[in-house]
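As structure tokens, the structure follows; a few thoughts come after it.
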Amino acid sequence: MDHRGLEMKLDQREISSLYLLVGEETFMIDEILVKMKDKILESGLVDFNLNTFYASDCKVDEIRDAVETLPMMAQRRLVIVKQAQDLSAGELEGLSELIEKPVESTTLVFVASKADMRKKFFKLFDANGVVVKFQKPFENQLNPWIAYIAKKHDLTLSADAMEVLKEWVGANLTDINNELRKVSQYLGDRTTVEVEDLKHVVSKTRVETVFELVNSMGRGDCANSFMHLASLLDNGQNEMGVLAMTIRHFRILLLCQEALKEGLNHSQIGSRVGVHGFFIKEYIDQARNQDSRQLLQIYDVLLDTDRALKSNPLSGHLWLENLVLQACRRSANLSVVSL
């Protein structure tokens, strides 16, 4: 089931006793948790029938006691366990009975950024409960989400502002929500967002860092490549997100180089590569300054890393470190050959 299917079930008050919400798209998960509280808990009795635990800061017995407690003047209790990816194997074993034999008067929700569905505990969950995966939306799915989030802040974005926001902030809905909150505060009574408004408020750190990462890898500069990679991760991007941004960036540069050889102008290149006219000059300038052989070599490494990361996401940071080393090594070797 995806998040929209779960929303429909909750709206129809078709409530399960077990839910596992998996993924790093925390905005969607938070939205679902709000809806769960609204649809499952009786008004005025929330404090008596809701328990929220964090896996790293609670004991198995506390979770079990909360689940087995009868609801107070209501049909159901709601017990939420956040950061469930931090539960140890022993703790998962201790909670298995609650998954094998769900308590009908309680809805137990586990929230995890990732889950190994091959493990016994999660296999039980898959068999007896509802597993919902929350993946970051693809770029072509972002516009409806941005419009939805903007509406929550009583905002409407112009078409240009929508494109600029996507480029600067990326596909992380929590980041988009945070930036639009700042925009709303900046605008005051105004409700329409233009590009000039975003220039005053929204951080461009993500985009600028990706450009610098690409430049560093192209020069074979490992030290600065690692620094820019760490900056992206420190600013809330996960390994898959960083890799996706970098692959997209290299693909755009390669397409820009092809378009330049064909003699296309900036507007035509922007249309071909899918980049808004506001940004295309930066990509074209960088494409002109990159060796096409180096770009292709690094692009091959990126695709290899993408396959490896998808097959073993738990070692994401190691794959990214290997990406930087391989990319810089190939760039340095090409530079030596050119000399």
>> Taking the Cα centre as origin and putting +1 on Lys and Arg beta-carbons and -1 on Asp and Glu beta-carbons, what dipole magnitude results for region 133-172, to the nearest 20 debye?
In response: 300
>> So for region 1-143, considering every pair of alpha-carbon atoms, how many percent are separated by more than 23 Å?
In response: 31
> Over the chain, what is the mean sequence separation of C-alpha contacts under 8 Å (at least six apart), divided by residue count, expressed as relative contact order in percent?
Replying inline: 15
> Leaving out ligands, DNA and RNA but keeping every protein chain, what accessible area does Thr191 have, in Å² rounded to the nearest 10, with a 1.4 Å probe?
Replying inline: 70
> Roughly how compact is region 241-339, stated as its Cα Rg over 2.2 N^0.38 Å to two decimals?
Replying inline: 1.18
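Between Asp126 and Arg272, how high is the FRET efficiency from 1/(1 + (r/R0)^6) when r is the Cβ-Cβ distance and R₀ = 51 Å? Nearest 0.05. Kindly include the intermediate steps, with their values, before the conclusion.
On the way: r = 44 Å, r/R0 = 0.85.
Efficiency, from the Cβ-Cβ distance: 0.70.
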>> I'd like the orientation of helix 159-169 relative to the chain: the angle between its Cα long axis and the longest Cα principal axis, in ° from 0 to 90, rounded to 10.
In response: 80
> On a 0 to 90 degree scale, rounded to 10, what angle separates helix 89-100 from the longest Cα axis of the chain?
Replying inline: 60
> Where nothing but the Cβ of Lys and Arg (+1) and of Asp and Glu (-1) is charged, how large is the charge dipole of the chain around its Cα centre, in debye to the nearest 20?
Replying inline: 680
> So, how do all the Cα-to-Cα distances of region 94-197 break down into 10 Å bins, in percent, from 0 on up?
Replying inline: 12, 34, 16, 20, 14, 3
> For region 1-65, what D do you get in µm² per second when you plug the Kirkwood radius from alpha-carbon pairs into Stokes-Einstein at 25 °C and 0.890 mPa s?
Replying inline: 183
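Based on the alpha carbons, how large is the Rg to Rh ratio for the chain when Rh follows Kirkwood? List each step's numbers first, then the result.
Values: Rg = 23.6 Å, Rh = 22.7 Å.
Radius of gyration relative to Kirkwood radius: 1.04.
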>> Quick one: 3J(HN,Hα) in Hz for region 111-116, Karplus 6.51/-1.76/1.60 with θ = phi - 60°, rounded, Gly and Pro as x.
In response: 10, 9, 6, 7, 8, 8
> How far is helix 292-311 tilted, in degrees, relative to the longest principal axis of the Cα atoms in the chain, given as a value from 0 to 90 rounded to the nearest 10?
Replying inline: 10
>> With unit charges on the beta carbons (Lys and Arg positive, Asp and Glu negative) and the dipole taken about the Cα centre of region 168-318, which residue among Gln237, Ser271, Gln290 sits farthest to the positive side?
In response: Ser271
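For every helix of n ≥ 4 consecutive DSSP H residues, a contribution of -39,500 (n - 2.57) applies; sum these over the chain, divide by its total residues, and give [θ] at 222 nm rounded to the nearest 500 deg cm²/dmol. Don't skip to the answer; put the middle values down first.
Working: 17 runs with 213 residues, N = 339.
Mean residue ellipticity at 222 nm (helix-derived): -19500 deg cm²/dmol.
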> Ranked from highest to lowest mean number of other Cβ atoms within 10 Å per residue, what is the order of the peptides 173-182, 45-54?
Replying inline: 173-182, 45-54
>> Using the crude model of +1 on Lys and Arg Cβ and -1 on Asp and Glu Cβ, and no other charge, please compute the dipole size for region 213-339 relative to its Cα centre, in debye to 20.
In response: 240
> Can you give the translational diffusion coefficient of region 197-275 in µm²/s, computed by Stokes-Einstein from the Kirkwood radius over Cα pairs at 4 °C and 1.567 mPa s?
Replying inline: 93
> So how do 79-88, 221-230 stack up, highest first, on mean other-Cβ count within 10 Å?
Replying inline: 79-88, 221-230
> Got the relative contact order for region 200-317 handy, in percent, Cα pairs under 8 Å and 6 or more residues apart?
Replying inline: 25
> Put +1 on the Cβ of every Lys and Arg and -1 on every Asp and Glu Cβ in region 1-102; which of Ala84, Leu33, Gly44 then has its Cα farthest towards the positive end of the dipole?
Replying inline: Gly44
> Check Thr107: other-chain or 5+ apart residues with amide H under 5 Å from its amide H, H built from backbone geometry?
Replying inline: Arg77, Leu78, Val79
> Roughly how many nanometres apart are two label points built 7 Å out from the Cα toward the Cβ at Asn143 and Ser56?
Replying inline: 4.0
> According to the Kirkwood expression over distinct Cα-Cα pairs, how big is the hydrodynamic radius of region 121-172, in Å?
Replying inline: 13.2
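The values are calculated or read from the model by the stated rules, or taken from the named source; none is laboratory data. The shown structure was predicted, so the numbers you read here are calculated from the model rather than taken from an experiment. All Cβ positions, glycine included, derive from the backbone under ideal geometry; neighbour counts span all protein chains shown. These area figures cover heavy atoms from the full protein model, side chains too; ligands, DNA and RNA do not enter into them. Shrake-Rupley method; radii C 1.70, N 1.55, O 1.52, S 1.80 Å.
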